[in-house]
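To keep things clear, I will list the structure first and then write my remarks on it.
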Amino acid sequence: MVPNGRSVLKVAGACPTHLTDNMLHSSRLEACALAMILAALPLTLLASDRASPAPPPITASPQAPPPSWGKPLPYPVVIADRRNNRLIEVTPDKRIVWQFDSPDLKTYHDNDDVFFSPDGRLLAISEEDNQDIHLVDYERRELVWSYGIADIPGDGPGYLNYPDDTHLLTDGTILVSDIRNCRVLFLDRATSKVKTQWGGLGGRKANWRNDPNCRHDPPKQLGLPNGAVELEGGDILVTEIVGAWVSRLSRDGRVVWAMPAFGLRYPSDAMPTHDGQVIVADYSKPGRVIVFDPKQRRVTWNYFAKDGEAMLNHPSLAMELPNGDVILNDDYRHRVIVIDRQSKKIIWQYGLTDQPGSGAGHLNNPDGIDIDLFRDWRGLAR
């Protein structure tokens, strides 16, 4: 809150306080000026369309979820509909019950991944193409925190370069995989300062394409990390593109285990399963999803189809549902699907296969999902 009691959008970054002649036309100055203007606006001016119904109160948690809808999808899913610049929550009967549209396409566009905060009140959003990350207040449908300078990549204070997978951790720290800076950042939400950094480029003008520091040697070096997520107990699961590594690290940076992703070409956003295994998508065509046991170092489940309706095209995130089935966003086929764990058949789908769009039942490059285990939508949705 500011002194007059009005909520404002907090935009982090290192903006100059004094102008010089050579700064007048700099893109960085323009971005910083925009950020300062936005920071002075009430959040109500930046809020999304509120046409969808008010959400039900939080009555549950991942540890004690609400009543299940049953098969094929037990709970509503929040989808980051990337090219439509929106977040939508879809119920198992395929109704949109909650929506957040971009309040400003300069500040917010191409939302990538989306994850609930531990208490279900906030959504953590990453925007690779926009070089920033956000927190959205779910109930108010408002941006409440941002980090990064819109559309300007960088590696200095307040800057990101192709950020992916943002999470709000149980202790309030914000975790982000900063892919092209070859680092994972732990950010203090209150100050927007870096608390801890794993990896990083070799110098301020280094380029990720040929930087020798962009390689697998955690926590000192990371090879284009595109995923970092908190595990039960506080350890961090990290996914790296270079070398196709998946690793588990303690919060103090100790490597618990690390292993290549069993032949995946482009592992994307590895996630934990309920029994201590790891599920990870192969961001390729045709795509693949595997579950592996890090203790036994072997694949325990594999989904792969070479062609047809079952084939995946650049899936970027797969998650295990509470009933054991698998939900994933199949980015380039413009759909979110549920796969039965036993039969390996697609049993639920939102989005029309290979038909991008913004109308009813359509998606356009869905790039992130999370399950709403905090609210019981059954009464309001039906």
Check: Which sequence of TYR108, TYR162 reflects their accessible areas, 1.4 Å probe, from the largest down?
Finding: TYR162, TYR108
Next item on the list: Estimate the FRET efficiency between GLU309 and ASP119 by the formula 1/(1 + (r/R0)^6), using the beta-carbon distance for r and 51 Å for R0, to the nearest 0.05.
Entry: 0.85
Margin query: Ranking request for peptides 345-352, 286-293: highest mean number of other beta-carbon atoms within 10 Å first, then the rest in descending order.
Written below: 286-293, 345-352
Checklist line | Surface accessible to a 1.4 Å probe, HIS216 within the full protein complex, Å² | finding: 50
Item checked: Angstrom value of the Kirkwood radius, inverse mean 1/r, which spans all Cα pairs in region 251-380 -> 15.5
Check: Taking the Cβ-Cβ separation of GLN63 and TRP257 as r and a Förster radius of 22 Å, what is the calculated FRET efficiency to the nearest 0.05?
Finding: 0.30
Note to self: On a full-extension model of 0.36 nm per residue, what is the gain between LEU105 and THR300, subtracting their alpha-carbon distance, rounded to one decimal in nm?
What the structure shows: 66.0 nm
Item checked: LYS205 versus ASP293: modelled label distance in nm, points set 7 Å from Cα along the beta carbon direction -> 5.3
Checklist line | Heavy-atom accessible area order for LYS344, LYS205, largest first, 1.4 Å probe | finding: LYS205, LYS344
Note to self: List the pairs from LYS94/LYS285; LYS71/LYS345; LYS94/LYS344 whose alpha-carbon separation is above 18 Å, in the order I gave them.
What the structure shows: LYS94/LYS285; LYS94/LYS344
Checklist line | Cα gyration tensor shape of the chain, rounded if a/c is under 1.5, else prolate or oblate by comparing a/b with b/c | finding: oblate
Next item on the list: Starting from the Cα gyration tensor of region 197-282, take the square roots of the eigenvalues, sort them a ≥ b ≥ c, and report rounded, prolate or oblate (rounded when a/c is under 1.5, otherwise prolate if a/b is larger than b/c, else oblate).
Entry: oblate
Notebook entry, point to check: Restricting attention to the alpha-carbon atoms of region 74-123, what are Rg (one decimal) and Dmax (integer), both in Å?
Noted result: 11.4, 36
Next item on the list: Keeping every protein chain in place, order TRP69, TRP377 by accessible area at 1.4 Å, biggest value first, i.e. largest first.
Entry: TRP69, TRP377
Item checked: Ordering of 366-374, 242-250, 187-195 by burial proxy (mean other Cβ atoms within 10 Å per residue, highest first) -> 366-374, 242-250, 187-195
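The values are calculated or read from the model by the stated rules, or taken from the named source; none is laboratory data. Nothing here was measured: the structure is a model prediction, and the numbers come from that model. Glycine also receives a Cβ, built like all others from the backbone with ideal geometry; neighbour counts cover every protein chain displayed. The accessibility values were calculated without ligands, DNA or RNA, using every heavy atom of the protein model including side chains. Shrake-Rupley method; radii C 1.70, N 1.55, O 1.52, S 1.80 Å.
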